[in-house]
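Only one structure is covered here, and it is reproduced in the block below.
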Amino acid sequence: MLTLHFAPMSRAVRTLWLLEELGLPYELNQMAFHPKDLKSDAHRARHPLGRVPVLEDDDITLWESGAITEYILDRHKNGGLKPAVDAPEYPAYLQWLHYCEGMVMPPVNTIVVHTLLLPEDRRDATVLGQAQRLLTKALAPIDDALAGKEYLIGNFSAADTMLGHAAIMSNRLGCVPDEMANLKSYVARLEARPAFKKADSVGK
């Protein structure tokens, strides 16, 4: 049985979303998005930095969301959410799967820190503005790629649970401009999926 260590409003939502899309059985250890849970000795024994998600599968422990996504697909159930290596969609799938953490989430992290996590007297408006501009630039290629498509590679895939989650977060932070109509519509489609709704509602 897979065990997911989870806190709401974190990257763990994307892992829970994937499990729900695939219909895989799992146990959920729900924690508060707060140091009392995440920095506890028990959780630091699972993740050295005290973060989520953490996936346990018998004696295997993984704590990087992209690696967890690939592990679940390859070890447990492809479920049509990963194209075959020789499929024409495979290169784009790989690109968007990794574009999430490589280009979109770094500025998202900075924005969250300087709007939500830091006390007001420690927030830096210059740093925040730079991160917002960088995020808008990083989102533009996604908006372009979605022209004429419902999902990143055509059909829904695990790239959408990864990068789509980052796009949803970006939109909720007010960083998807209205002129990115393809991306706005994409976010709405993702938020309407029952598996996302279930994952997103846990702990709220």
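The values are calculated or read from the model by the stated rules, or taken from the named source; none is laboratory data. Because the structure is a prediction, the values reported are computed rather than measured. Note that we place each Cβ from the backbone using ideal geometry, even for glycine, and neighbour counts take in every protein chain shown.
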Among (1) closer than 22 Å to Val113 by Cα; (2) modelled with pLDDT of 95 or more; (3) not in a helix (DSSP H, G or I), which single condition is Ile168 missing?
(3)
Exactly one of (1) of a type in the set (A, V, I, L, M, F, W, C); (2) closer than 15 Å to Leu173 by Cβ; (3) without any contact (Cβ under 8 Å) to a residue 40 or more places away in the chain is unmet by Ile111. Its number?
(3)
For Asp178, indicate whether it is assigned by TED's automatic domain parsing to the domain that holds Val104 and farther than 27 Å from His114 by Cβ.
no
Among the residues of segment 37-50, are any under 13 Å from Ala199 (Cβ atoms) and either in contact (Cβ under 8 Å) with a residue 60 or more places away in the chain or touching a helix residue (DSSP H, G or I) at 6+ places or on another chain (Cβ under 9 Å) (or both)?
no
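The rows are residues; the columns are (1) in contact with a Cys (Cβ under 6 Å, 6 or more places away or on another chain); (2) under 21 Å from Val187 (Cα atoms).
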| residue | (1), (2) |
| --- | --- |
| Asp86 | no, no |
| Tyr93 | no, yes |
| Leu135 | yes, yes |
| Asp144 | no, yes |
| Gly148 | no, yes |
Can you tell which of Ile142, Ile111 is closer than 20 Å to Met9 by Cα and under 18 Å from the mean Cα position of the chain (by Cα)?
Ile111
Tell me whether segment 85-98 contains one or more residues that are in contact with a helix residue (DSSP H, G or I) (Cβ under 8 Å, 6 or more places away or on another chain), within 20 Å of Phe156 (Cβ to Cβ) and among the β-branched types (Val, Ile, Thr).
no
Against the definition (modelled with pLDDT of 95 or more, within 28 Å of Arg193 (Cα to Cα) and in contact with a Gly (Cβ under 8 Å, 6 or more places away or on another chain)), how does Glu56 come out, yes or no?
no
Among the residues of segment 178-204, write down those that are surrounded by 14 or more Cβ atoms within 10 Å (Cβ to Cβ) and over 17 Å from the mean Cα position of the chain (by Cα).
Met180, Asn182
Of all residues making up segment 140-183, the number that are of a type in the set (Lys, Arg) and either over 17 Å from Val108 (Cα atoms) or in contact with a Pro (Cβ under 7 Å, 6 or more places away or on another chain) (or both):
1
Could you say whether any residue in segment 118-126 is within 26 Å of Lys204 (Cβ to Cβ), in contact with a helix residue (DSSP H, G or I) (Cβ under 6 Å, 6 or more places away or on another chain) and not assigned by TED's automatic domain parsing to the domain that holds Gly174?
no
If we take segment 19-113, then helices (runs of 4 or more DSSP H) inside it with 2 or more residues that are touching a Pro at 6+ places or on another chain (Cβ under 7 Å) are 65-75, 90-99
